[in-house]
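The values are calculated or read from the model by the stated rules, or taken from the named source; none is laboratory data. Here the structure is a predicted model, which means the values were calculated and not measured. Note that we place each Cβ from the backbone using ideal geometry, even for glycine, and neighbour counts take in every protein chain shown. Accessible surface areas use protein heavy atoms only, side chains included; no ligands, DNA or RNA. Shrake-Rupley method; radii C 1.70, N 1.55, O 1.52, S 1.80 Å.
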Number of protein chains: 2
Amino acid sequence: MAPPFPLPAPMRRALDLARLAEAAGEVPIGAVVTRDGTIIGEGENRNRRDRDPTAHAEIVAMRAAAAHLSDFRLTGCDLWVTLEPCPMCAGAISHARIARLYYAVGDPKGGAIEQGPRLFAQPQCLHRPDVYGGLAEAEASALLRDFFAARR
Amino acid sequence: MAPPFPLPAPMRRALDLARLAEAAGEVPIGAVVTRDGTIIGEGENRNRRDRDPTAHAEIVAMRAAAAHLSDFRLTGCDLWVTLEPCPMCAGAISHARIARLYYAVGDPKGGAIEQGPRLFAQPQCLHRPDVYGGLAEAEASALLRDFFAARR
């Protein structure tokens, strides 16, 4: 069920980025990093185009934001992403010291926040962002469903 | 205890890369990707120099190897690293389809293979490499111990 408030602008931008990924033949996932409400890094899935196994939307957006700030940490910044992060991206979120994580829809197959390894709940985890999931479930899951349906 | 065979050349190179990281003021961790025994990508921790929260040795080495092969997967390739990978790097190893993972010493604080989330043992995990740990425990742990002792 959609939350009872208009979708915040950074998540709308992340969904637009997911559509750009889809148009380029990539899995449709987009992500945005904000600081004090302003976008300072963004990206979409680029695995195939960049020939890079690490080029998930979150990694691309966080690397861009870190370059923008000229800092290897994104302390106080927020990450907005259209799908629940995988273990690789959740680990990077923790390393980057992201303050708040917002995602559009959970991922029962590959998510690492609410399911599977639940990385932020591991006693080893050095930094846990505040987490807000399910912000745009219908829109984000339709994007992914249509993409994979078209490829079957 | 050291294994009963000479340290393979890729792990010796990874230890040299860790020393390069140390000389540059970075946490001393090095990594190498091989294919059929030949090094096709290497790297050391570059978080501070590159201002990149994702620039762990493993990520740097796998991105270099993927660029070398012009492929977003490293199917059939091996990864050699001086420390047990964290959740971010373990996730990337799985995405990259690394065939065999060799590491010098376990990491009780941040490792994600033998401890903590044990990512490759999670039912969600789509690709698990064969894992060989503890190849150079004394040497790799001394490097890290000396680095952190000098900073206290």
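Considering each residue of region B:61-88, count those that are at the interface with chain A (Cβ under 10 Å from one of its Cβ atoms) and either part of a loop (DSSP other than H, G, I, E, B) or in contact with a Leu (Cβ under 9 Å, 6 or more places away or on another chain) (or both), and give that number.
The qualifying residues number 11.
Read through the list (1) closer than 11 Å to A:Asp52 by Cβ; (2) hydrophobic (A, V, I, L, M, F, W, C); (3) open to solvent by less than 10 Å² (accessible area, probe 1.4 Å), then give the number of the only condition that B:Leu101 fails.
Going through (1) closer than 11 Å to A:Asp52 by Cβ; (2) hydrophobic (A, V, I, L, M, F, W, C); (3) open to solvent by less than 10 Å² (accessible area, probe 1.4 Å) one by one, B:Leu101 breaks only (1).
From the list B:Pro28, B:Pro53, which one is open to solvent by less than 70 Å² (accessible area, probe 1.4 Å), under 28 Å from A:Gly41 (Cβ atoms) and either free of Cβ contacts under 8 Å to residues at least 24 places away in the same chain or part of a loop (DSSP other than H, G, I, E, B) (or both)? Spell out how you get there, then give the answer.
Numbers: B:Pro28 fails: under 28 Å from A:Gly41 (Cβ atoms).
Only one candidate passes the filter, namely B:Pro53.
Could you grab me the full set of residues in region B:56-96 that are touching a residue at least 12 places away in the same chain (Cβ under 8 Å) and among the acidic types (Asp, Glu)?
Result: B:Glu58, B:Asp78, B:Glu84.
Taking only region B:98-112 into account, find how many residues are within 12 Å of chain A (Cβ to nearest Cβ) and either closer than 14 Å to A:Leu119 by Cβ or in contact with a Leu (Cβ under 7 Å, 6 or more places away or on another chain) (or both). Even if it seems obvious, please write down each step before you answer.
So the first thing to find is which residues in region B:98-112 are within 12 Å of chain A (Cβ to nearest Cβ), and the list is B:98, B:107-112.
Subsequent filtering for residues that are either closer than 14 Å to A:Leu119 by Cβ or in contact with a Leu (Cβ under 7 Å, 6 or more places away or on another chain) (or both) retains B:98, B:107, B:110-112.
Final tally of qualifying residues: 5.
Sort through A:Ile98, A:Ile40, A:Ile93 and tell me the only one that's farther than 30 Å from A:Arg151 by Cα, in contact with a strand residue (DSSP E or B) (Cβ under 9 Å, 6 or more places away or on another chain) and assigned to a loop (DSSP other than H, G, I, E, B).
Details: A:Ile40 fails: assigned to a loop (DSSP other than H, G, I, E, B); A:Ile93 fails: assigned to a loop (DSSP other than H, G, I, E, B).
Only one candidate passes the filter, namely A:Ile98.
Taking region A:102-134, which residues are touching a residue at least 60 places away in the same chain (Cβ under 8 Å) and touching a strand residue (DSSP E or B) at 6+ places or on another chain (Cβ under 6 Å)?
Here is the first cut: in region A:102-134, the residues touching a residue at least 60 places away in the same chain (Cβ under 8 Å) are A:102, A:104, A:134.
A:Tyr102 - this is the single residue of region A:102-134 that is touching a residue at least 60 places away in the same chain (Cβ under 8 Å) and touching a strand residue (DSSP E or B) at 6+ places or on another chain (Cβ under 6 Å).
Can you give me the number of residues within region B:75-98 that are open to solvent by less than 10 Å² (accessible area, probe 1.4 Å) and closer than 22 Å to B:Leu15 by Cα?
The qualifying residues number 12.
Could you check region B:116-152 and list, in sequence order, the residues that are in a loop (DSSP other than H, G, I, E, B), surrounded by fewer than 16 Cβ atoms within 10 Å (Cβ to Cβ) and touching a Lys or Arg at 6+ places or on another chain (Cβ under 9 Å)?
B:Leu126, B:His127
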